Amino acid sequence: MSIIKKLPAILLLAPALCLLAVLRAEDAAVIEVATADSSLVLVTTGTNAPVVLRHYGSKTTDTRALLAKTVRQNQVYPAFGGVEHANLALNVIHADGSLTTELVYDGHEQRALDADRQETVVRLRDKQYPFFVELRLVAHKAANVITQRVTVSHKEPGPVRVENIASAYLPLRAGAYWLTHFHGAWGREMRVTEERLTSGGKVIEEFRKIVQATMADNPSFMLSLEHAAEEESGEVYAGTLAWSGNYKLAFTLDERETLHITAGMNPFAATRILDAGASLETPEMVLTYSARGRGQASRNLHDWARKYALYHGDQLRPILLNSWEGAYFKFDEKTLTDMMDDTAAFGIEMFVLDDGWFGNGKYARDSARAGLGDWQVNKKKLPRGIGYLADYAVSKGLRFGIWIEPEMVNPKSELAKKHPEWIVKSPGRDIPQSRNQWLLDLSNPAVQDFVAKVFDDTVALSPNITYIKWDANRPVYSVGSAWLPADRQEHFWKDYVDGLYKVYERVRAKHPHITIQLCSSGGGRVDYGALKYHDEFWASDNTNAVDRVLIQYGTNMIYPPIATGSHVSASPNHQTDMMIPLKFRFDVAMSGRLGMELQPKDLAGADRDFARKAIENYKLIRPVVQFGDLYRLYSPYNENGRAAIQYVAKDKKQAVLFAYNLYHLTSRGFSFDIKLRGLDPAKTYKVTEMNREPDRGTFANDGQLYTGEFLMNVGVSIQDSRSHKNLRPQKSSVLWLVEQ
Ligand code: GLA
C-alpha cells in the first residue's frame with residue numbers, strides 16, 4: 001500500500017529528529033513505493049527540502065521508525081550543486097552558465113495503473129531556477145520490480161545544456177559489496193563475473209557503439225551485500241537499464257563506505273541542448289530487490305519480463321529450424337523446400353529463412369558483400385518468390401519466418417547509391433565498413449520511414465509470414481549525421497535509439513501478431529528497451545553447446561529463458577570445430593527456447609530418431625521451461641566444470657532438471673548428487689530420465705517416486721551407467737518430475 005503520511009507535529013520534538021525539526025512540519029511527507037516483498041521509501045521534510053531515499057530493501061510498513069533514522073541522507077536524485085558530492089544523477093549547465101543545481105521537493109502523486117502496478121510521480125524543482133525534474137516510479141507488486149524514468153524540463157531564458165542525466169540513483173550501506181556483472185564478446189556473450197567492490201569506482205559502460213551495445217558488457221548487474229552472492233539466500237539488488245544505446249552503470253564506494261550506484265545513458269559526447277518548454281526523458285531503469293539471493297532476483301525479473309517487458313510474454317514459443325548454419329547464402333528453392341520437409345518430419349513447428357533471399361543482379365545477396373538495403377526477392381534463387389515458400393511451409397504444417405537487417409546497407413547496393421545522405425558518417429572522412437556494411441541514420445525520419453517500410457513490405461510478401469528475425473550486424477564507427485544540425489551532433493546517440501523505438505512502435509501497432517526475434521550478430525542487442533517489442537532474442541552466434549551453457553547461464557540471470565533462442569547445430573560446431581554429442585546439444589538447447597540450426601538431412605539413423613524424440617519431449621517440458629521458475633543449482637563458472645539448472649512450474653506440479661559435465665576429467669566426472677529446489681515438500685513426484693540414450697541411462701532409479709522433501713533435502717544421484725565413461729566430457733542428464 002502506498003500512502004502519503006503527514007507527520008504528527010509531536011514527532012518533530014523528538015531529539016533524534018533534530019534534523020527534521022528545522023523544516024516545516026505540515027509539508028513533511030513519506031512516500032512509499034511498495035511491492036509484495038520490498039519497500040522503497042522516500043522522505044521529504046518540506047517544500048524547500050530535498051527528497052531523501054531513506055530505504056530500499058525488505059518490506060517495511062513502519063515508516064515512523066524510518067523517519068527517526070537520520071544517518072542516511074542521500075537524495076533520491078542527486079544533482080551537481082549544493083553539498084552532494086558522490087555519484088551524481090544529474091549535471092546541467094543552466095541558461096545563465098551556472099553549473100549548479102539544487103533540487104527540492106515540489107509535490108508528488110500516486111495512482112494505481114491496475115491491480116498490480118502503482119505509479120508514483122515525484123516532482124522536484126531547482127531552488128532558484130525554473131528547472132524541473134520528474135521521477136516516475138512504477139511498482140510492479142507481484143514481481144517485486146520497481147522501474148524508474150526521469151524527465152527534465154525548464155522555463156529558463158535560454159537553452160539548458162544537459163551534460164549527464166541518469167535514469168536512477170541508488171545508495172546502499174553495508175559492510176561489503178559484491179558486484180555480479182556480465183561481460184563478453186562476439187561468441188561469448190554474458191559471461192558472469194563477480195568481484196568485491198573496493199573504495200573508488202567501477203564503471204560498466206558502452207559509450208560509442210549504440211548498435212551492438214551489449215556485445216561486450218550488458219547494462220545489467222546484481223549486487224550482493226556483505227558476502228559474495230548466494231543463489232537462494234542473502235540480500236541481492238538487481239538492475240537492468242532498458243535502453244538499446246550507449247549506457248553507463250557506475251558504482252562508487254565512498255570514504256564513508258556508502259555505495260552509490262547510478263545508471264543511465266552514457267554522457268560521453270552526448271550533451272543535450274534543451275530549449276525552454278521542451279523536455280527530455282531518460283530510459284527506464286529496472287530494479288528488483290531479493291532477500292533470497294540471486295535466484296529470486298532472476299525469478300523476479302523473469303516474472304516481470306513475461307508480463308510487462310516481452311512481447312507475447314504469456315504465449316508459448318514455437319520450436320523452429322533456422323536455415324543459417326544449414327544453408328548460409330547457398331540455397332535455391334529446392335534446398336529450402338527439402339529442408340522444410342525434414343523440419344516438418346522432425347516435429348518442428350516453424351521454418352525460418354535467414355539471410356540471402358534478396359538483392360538482384362550485381363547486388364545479389366550471395367555473400368555478406370552486397371545487397372543489404374535492396375529488399376527485393378532474389379529472382380534467381382527464388383523464382384516463385386517468398387509467397388511460394390511460405391505456402392509450402394504452411395502446407396507442411398509449419399509456420400514461416402524470414403530474416404531482415406533493415407538498419408544497414410552494403411556500399412554495394414542500389415540503396416547506398418540512391419541515399420548517401422542516409423549513411424552515418426563523419427563529414428569528409430572515410431566511412432569505415434564492418435562486415436562490409438554501413439549503418440543508416442535512424443535519427444532521420446526519412447530513414448525511420450524506410451526501415452518501417454522494409455518491415456511492412458517483407459511481411460506483405462506473404463500472409464503466411466508470421467515471424468521476423470531482425471538483425472543488426474555492425475556498430476557505429478566515425479559518428480556523424482547529415483540530418484542533425486551541426487550544433488546538435490551530440491544528440492545523435494539518443495536520437496538514433498529514439499528513432500529505432502519509433503519504428504518499433506509503428507511496426508508493433510501494425511503487426512501485433514508477428515513473432516519478432518531480436519538479433520545483433522548474436523547477443524549484441526539484448527536489453528529490455530528493445531525486448532519490449534520482441535518475442536525473443538538470439539543469445540549468441542556461438543552455437544557450441546558447451547559455450548552455450550555458460551552464455552545462457554549468464555543471460556538468464558537477467559533475461560528470461562522463454563526468450564532465449566537456443567539451437568541445436570552441427571558437429572563439428574561451425575564456430576569452434578568442437579565435436580559434441582547430439583544428446584548434449586539437445587539437452588542444452590532444450591533449457592531455453594529450443595530450435596535447430598543445421599542441415600536437417602545430415603541427421604540420419606539413430607540421430608534422427610533421437611532428435612525426433614527430443615523434440616517431442618521438449619513439447620512436454622516447454623511450459624515449465626518457458627513459464628516456470630528457474631533455479632540455478634551448480635554454476636558452470638565455479639563448480640569444476642559441472643553445471644545444473646532446474647525449472648519448476650508455478651503450481652509445483654512439474655519440474656525439469658538439466659545437469660551437464662562440460663569438460664574432460666573434471667574431479668568426479670559426471671557423477672553428481674543434486675539437491676533440487678523449489679518443489680513442494682509435501683508432493684510426491686515421479687522422476688524419469690528424458691532424452692535417455694539406449695542402454696546409457698544416467699539415472700539409476702528411473703521412474704521412481706520421491707517426495708519433494710526428499711528431493712530437496714537428500715537429492716538425486718546421477719551418473720553415466722557405464723562408470724568408465726563418467727570422466728568423459730559433455731555428458732548430460734535431463735530429469736522430468738511430475739506430481740503423482
Ligand atoms: C548474423 C546473425 C546470424 C545470421 C547472420 C546472417 O551474424 O547473428 O544469426 O543471421 O547474421 O548474415
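None of the figures in this text is laboratory data; all of them are computed from the coordinates on show. This is a predicted model, so every value here is computed, not measured. All Cβ positions, even for glycine, are placed from backbone atoms using ideal geometry, and neighbour counts span all protein chains on display.
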Please give the peptides 399-406, 423-430 ranked by average Cβ packing (other Cβ atoms within 10 Å per residue), highest first, as a rough proxy for protection. 399-406, 423-430
Total lysine pairs whose alpha carbons fall under 14 Å of each other in region 631-739 (8 or more apart, or interchain): 5
Considering the dipole of region 631-739 built from charges on the beta carbon (Lys and Arg +1, Asp and Glu -1) around the Cα centre, which of ALA643, THR698, ASN713 is farthest to its positive end? ALA643
Cα centre as origin, Lys/Arg/Asp/Glu Cβ charges: region 343-388 dipole, Debye: 340 debye
Using only helices, what value at 222 nm comes out for the chain when you add -39,500 (n - 2.57) per DSSP H run of length 4 or more and divide by the total residues, to the nearest 500 deg cm²/dmol? -6000 deg cm²/dmol
Proximal lysine pairs in region 55-173, meaning Cα under 28 Å and 8 or more positions apart or interchain, come to 5
Can you compute the charge dipole magnitude of the chain about its Cα centre, using +1 on each Lys and Arg Cβ and -1 on each Asp and Glu Cβ, nothing else charged? Give it in debye, rounded to the nearest 20. 720 debye
When each pair of different Cα atoms in region 631-739 is counted once in the 1/r mean, what is the Kirkwood radius in angstroms, to one decimal? 13.9 Å
Likely footprinting exposure, THR555, THR337, fewest C-beta neighbours within 10 Å first: THR337, THR555
Over region 454-600, what is the percentage of antiparallel beta bridges among all DSSP beta bridges, to the nearest 5? 5 percent
Answer rounded, prolate or oblate for region 83-172, using the Cα gyration tensor with square roots of eigenvalues a ≥ b ≥ c: rounded when a/c is under 1.5, else prolate when a/b is larger than b/c, else oblate. prolate
What shape does the chain take by its C-alpha gyration tensor, where a ≥ b ≥ c are the square roots of the eigenvalues and a/c under 1.5 counts as rounded, a/b above b/c as prolate, and the rest as oblate? oblate
Taking a straight Cα-to-Cα line shorter than 16 Å from LYS334, and setting aside same-chain lysines fewer than 8 residues away, one finds LYS379, LYS380, LYS381, LYS396, LYS601
Estimated dipole of region 254-399 in Debye, rounded to 20 [Cβ of Lys and Arg +1, of Asp and Glu -1, Cα centre]: 320 debye
Among 508-514, 343-349, what's the highest-first ranking by average C-beta atoms within 10 angstrom per residue? 343-349, 508-514
Once you order the gyration tensor axes a ≥ b ≥ c over the Cα atoms, which shape class does region 278-422 get: rounded for a/c under 1.5, otherwise prolate or oblate by comparing a/b with b/c? oblate
